[in-house]
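In what follows, a structure is listed as structure tokens, so that the remarks can point back to it.
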Amino acid sequence: MYTEMTDRSWTVAGISKIKGEESRYVRIPDRLFREESIVKPGFPVLWHYEKTVGVLIISRNELKEENYEYSGESRKFREGDSEYTVGIPKAFFSDFKGRGEPKIDPRAADKINLQKDGWLHFVFHEDMTETDPKTCYVLTEDQFDKRFSDSDQLQEIEDVPRFY
């Protein structure tokens, strides 16, 4: 499937702030469900860890290839007050205590380690949305900067929807 983040034509669907204390959630950019059908309101969002690239991927389908590790499910992708939010599996945060979530490989959990007040970038390329299962990378601020800081095509980041 998609194991490298090469010089493709990338689309940044949006940038969302992680919110919440006990249960954390993030706003899903409209483009991911209105135009690309990567996820669908009312259906679970499945989170996977891509072992080769070392990033999170969301989809509404399970990814079965061996380089993907199922990392959790957000059962509630819902509309509320015009905001389409989804819960983030607790195992992705350093303060996770180990109860109430599906098991995830500890090495992957350590590598994911999201900041509870951080930003997530939702990024995809054409190949990820033209065939099933449709997917989208979910990058932390640091991952995004490392991969795209020198990219000409992402210089116009001001035009990308930012959800606070």
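Here are the numbers for the structure shown:
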read-out	value
Boolean, Lys90 is under 17 Å from Lys19 (Cβ atoms), of a type in the set (D, E, K, R) and buried (at least 16 other Cβ atoms within 10 Å of the Cβ)	yes
Verdict on Ile58 being surrounded by 13 or more Cβ atoms within 10 Å (Cβ to Cβ) and not in a loop (DSSP other than H, G, I, E, B)	yes
Residue satisfying all of: in region 7-51; within 12 Å of Tyr137 (Cβ to Cβ) and among the β-branched types (Val, Ile, Thr); most open to solvent (accessible area, probe 1.4 Å) among these	Thr11
Number of positions in region 61-80 that are of a type in the set (S, T, N, Q) and either open to solvent by less than 10 Å² (accessible area, probe 1.4 Å) or not in a loop (DSSP other than H, G, I, E, B) (or both)	2
Cross-chain or 6+ apart pairs with Cβ under 7 Å, region 30-56 first and among the aromatic types (Phe, Trp, Tyr), then open to solvent by less than 40 Å² (accessible area, probe 1.4 Å) and modelled with pLDDT of 90 or more	Phe33/Val39; Trp47/Leu56; Trp47/Ile58; Tyr49/Leu56
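Rundown of residues vs (1) polar (S, T, N, Q); (2) open to solvent by 70 Å² or more (accessible area, probe 1.4 Å); (3) not in a loop (DSSP other than H, G, I, E, B), yes/no style:
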site	(1), (2), (3)
Lys116	no, yes, no
His121	no, no, yes
Phe124	no, no, yes
Asp127	no, yes, yes
Pro133	no, no, no
Tyr137	no, no, yes
Gln143	yes, no, yes
Arg147	no, yes, yes
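Residue by residue, here is whether (1) acidic (Asp, Glu); (2) in contact with a Lys or Arg (Cβ under 8 Å, 6 or more places away or on another chain); (3) within 17 Å of Thr140 (Cβ to Cβ); (4) at pLDDT below 65 holds:
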{"site": "Phe77", "(1), (2), (3), (4)": "no, yes, no, no"}
{"site": "Asp81", "(1), (2), (3), (4)": "yes, no, no, yes"}
{"site": "Tyr84", "(1), (2), (3), (4)": "no, yes, no, no"}
{"site": "Ile88", "(1), (2), (3), (4)": "no, yes, yes, no"}
{"site": "Phe92", "(1), (2), (3), (4)": "no, no, yes, no"}
{"site": "Gly98", "(1), (2), (3), (4)": "no, no, no, yes"}
{"site": "Glu101", "(1), (2), (3), (4)": "yes, yes, no, yes"}
{"site": "Asp110", "(1), (2), (3), (4)": "yes, no, yes, no"}
{"site": "Trp119", "(1), (2), (3), (4)": "no, yes, yes, no"}
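The values are calculated or read from the model by the stated rules, or taken from the named source; none is laboratory data. Remember, it's a predicted structure, so these values are computed and weren't measured experimentally. Note that each Cβ is placed from the backbone with ideal geometry, even for glycine, and that neighbours are counted across all protein chains shown. SASA here: full protein model, heavy atoms, side chains in, ligands and nucleic acids out. Shrake-Rupley method; radii C 1.70, N 1.55, O 1.52, S 1.80 Å.
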